[in-house]
1. Does any residue of the range 243-261 turn out to be in contact (Cβ under 8 Å) with a residue 12 or more places away in the chain, more than 25 Å from residue 187 (Cα to Cα) and either in contact with a strand residue (DSSP E or B) (Cβ under 6 Å, 6 or more places away or on another chain) or not aromatic (Phe, Trp, Tyr) (or both)?
2. When the range 184-200 is examined, which residues are found to be modelled with pLDDT under 90, buried (at least 16 other Cβ atoms within 10 Å of the Cβ) and not in a helix (DSSP H, G or I)?
3. What is the one condition in (1) surrounded by 13 or more Cβ atoms within 10 Å (Cβ to Cβ); (2) not charged (D, E, K, R); (3) not assigned by TED's automatic domain parsing to the domain that holds residue 175 that residue 107 does not satisfy?
4. Specify the residue that is farthest from residue 165 (Cα to Cα); the eligible residues are those in the range 79-132 that are among the aromatic types (Phe, Trp, Tyr) and under 23 Å from the mean Cα position of the chain (by Cα).
5. Has the range 201-222 got any residue that is out of contact with any helix residue (DSSP H, G or I) (no Cβ under 8 Å at 6 or more places or on another chain), in a helix (DSSP H, G or I) and modelled with pLDDT of 90 or more?
6. Can you tell me how many residues in the range 203-224 are more than 19 Å from residue 182 (Cβ to Cβ) and either of a type in the set (Phe, Trp, Tyr) or not assigned by TED's automatic domain parsing to the domain that holds residue 143 (or both)?
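The values are calculated or read from the model by the stated rules, or taken from the named source; none is laboratory data. What you see is a predicted model; the values in this text were computed from it and never measured. As a convention, Cβ positions derive from the backbone with ideal geometry for all residues, glycine included, and neighbour counts pool all protein chains shown.
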Amino acid sequence: MYNVQELKLFHFIPSWYCQMLHNWASLQRHIHLMAPKSHRIRQLAAAEATMQGTSKKPRSISTEAPAAADTPSSSMKHSFSKYAEYLNQLNDKRERVVKASRDITMNSKKVIFQVHRISKNNKDEVLEKAEKDLSAVKDHYIARLVNELQGTDFWKLRRAYSPGIQEYVEAATLCKFCTTGTLLNLDEINAMLLPLSDPSREPLQINILDYILGLADLTGELMRLAIGRISDGELEYAEKICRFVREIYRELTLVAPKMDDSSDMKTKMDVMLQSVMKIENACFSVHVRGSEYIPLIGSDDASYTLLGVPNFE
């Protein structure tokens, strides 16, 4: 702002106007000096901040602090990546195990169907072929399952391969009974599977639960076998099957209530009881009414049925 002396240099400005400006400037200085101290301090602080803001340098970003802050996040991402990879591998392995279990089930059923072709004339031939097919199931399909499960928790994937193992137990025990008339126990089955495993790793062993569930299914196949033997004239063999199935049912009635998977076992026990009753009724009919149709059992005449009633179809 120009003072009065400087304004007088401009000769075209009236002197009264210069004096008025001088008086106004004096009044502003007097008001500023009369202002409270806190107000002056705030004005000075604002002015200082303005001066610092104009001359403030851009603040540099340190890389060390953010790196330390990102360490937990990077570690968490790495952990989740490992978990995701583990779950993906486990799901892929479960799919392969399910496929192997289906192959075991399908080929074990073929062994059972082969056993049901047995008759008085071809018993040795049929059983020899069934034993060969059962060995093929073990060497090809169960071996593939063993390779998938080695080094893992067998109980973790048990639901995936349990149906195939139960069907294999059913086929193996059926062949054993038809060959020797005895029951194939769990230790004998596991001994058969032991050479399939790598000696440096934990071998695949069939657990007691799958063995009992497969044994429960065996009684249904023995019932069909007994009915076939009665129609073929082998009454003593059918009675032997009846005693064998009745003994299995009696023993399992003591075990089933204590099993963890009692829901599946309860259903199988009901089916097993029906199988026992069918075999007993068939054998009882032979003893009571045997004189009516025993001479016709095993006859080549197709016009007669099991009960001796003529078939006119």
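1. no
2. 197 - this is the single residue of the range 184-200 that is modelled with pLDDT under 90, buried (at least 16 other Cβ atoms within 10 Å of the Cβ) and not in a helix (DSSP H, G or I).
3. That leaves (3) as the condition not met.
4. Residue satisfying both the conditions and the ranking: 80.
5. no
6. The number of residues fulfilling the criteria is 0.
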